[in-house]
Amino acid sequence: MLKISSQSDRRYDNICCYCQTTILHNKTRDHIPSKVLLDEPFPNNLPIAFCCQQCNQGFSADEEYFACLLEYIVCEAKDSNLIQREKIRRILHKKPHLRKRIEKNISHENNIFTIKLEKKSINSILKKLFYGHLSFELSNPYIETPSYIGFDLIDNLTNSEFDTFFASEEIEIAPEIGTRASLNYFLRKNFPTSNWKIVQENNYQYKVNIYSEEIVVKILMRNKLCLTAIWNNKISDNH
C-alpha cells in the first residue's frame, strides 16, 4: 500500500480509538485489518490504529475465530481439509478446540450450507475493523456507535444492492485537509470520488465515503463478504 502520513493533531495518537480513553503508558499499534486476515508476505504500510493495550489484547482470540469462520464460509467447508488459505489450515490444525468450536455449528443439508455465528465475537471484530479504518482515515479517535452495521455474502446481493455497494460515489463533503481520507479520492467528471483501498488483492479492501448526512465505511473480504457501517455524521472534533 502507498504510505500516506497524516498531518493531523498528533495528540489524537494518545487516545484509544476503541474505548476513547487517554493512553498514558500502554499505547499500542493495532494493524487494521488484522494480519490473520492477510497472507504472507504482508503488504507494506499496513494501516494502523493507536489503542490501549487492553483493547488490543482483547481482540486476539476473536480475530482468529473470525478469520477461520470466514474461510469456512468462503469455501462452504464442512471440515478444515477444504479450507483454501494455508495460514488458516495451520491455525485449525494447531488449535483443534477452535476447529471443533466452528464445525459443531455447521450444517450442510439439501445442498444448503448454514453456519451459526457467535455474535459477541463477530461484533468485537466488526468494531475493531470499522472503528480502526475510520480513525486511520479521519485521524480522529472519537468515534461513536454506528447507526447501522450489516454484512452479507456477495452472492446474496440483489443487482441493486451489488451496484450500490461497489458504485463510485461522489464525496459530498471533502475530508479535513491533512487527513489520509483527504488524499484518497480522485476526480471523476470534475467531482471528487472516493476510491477503494486494496490492502491485499483477493483478501481485503475497503473505502470510506463522506456524505452531508452520514459517513459510510465499506469492506470487502475474500471477494465474498460485504460489510457496511454507517454513522449519522457523529464523528466529533473533540471529546
Cross-link partners of Lys119 among aspartates and glutamates (Cα-Cα below 14 Å; sequence separation of 8 or more within a chain):
Asp62, Glu63
Tell me, what HN-Hα J-couplings in whole Hz come from the Karplus equation 6.51 cos²θ - 1.76 cosθ + 1.60 at θ = phi - 60° for each residue of the stretch 207-214, using x for Gly and Pro?
8, 10, 10, 10, 10, 5, 10, 7
Mind listing P(r) for the stretch 10-119? All alpha-carbon pairs, 5 Å bins, whole percents.
2, 11, 19, 17, 15, 13, 10, 7, 4, 1, 0, 0
Rounded to the nearest 0.05, what FRET efficiency do His108 and Gln200 give with R0 = 45 Å and r taken as the Cβ-Cβ distance? Could you check?
0.95
Kindly state, as a whole number, the per residue volume in cubic angstrom of the convex hull around the alpha carbon atoms of the stretch 76-121.
80 Å³
Residue-wise, which Karplus ³J(HN,Hα) couplings in Hz belong to the stretch 80-88, taking 6.51 cos²θ - 1.76 cosθ + 1.60, θ = phi - 60°, and x for glycine or proline?
5, 5, 9, 5, 7, 6, 4, 4, 5
Going by C-beta contacts inside 10 Å, put Val36, Val199 in order with the fewest on the left.
Val36, Val199
Would you mind ranking Asp30, Asp62, Asp13 so that the residue whose beta carbon has the fewest other beta carbons within 10 Å leads the list?
Asp13, Asp62, Asp30
Can you quote the Å³ per residue value for the convex hull of the Cα atoms in the stretch 124-170, rounded to an integer?
113 Å³
Radius of gyration, Dmax [the stretch 64-141; alpha carbons; angstrom]
14.7, 49
Order of 200-213, 121-134, 103-116 by packing, highest average Cβ count within 10 Å first?
121-134, 200-213, 103-116
Pairs of alpha-carbon atoms within less than 8 angstrom and 6+ residues apart define the contacts here; what relative contact order does the stretch 21-129 have, in percent?
24 percent
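Quick note: the coordinates plus some simple rules give every number you see, no bench work behind them. In this text the structure is predicted, and so the values were computed from the model without any measurement. Neighbour counts run over all protein chains shown; Cβ positions are idealised from the backbone, glycine included.
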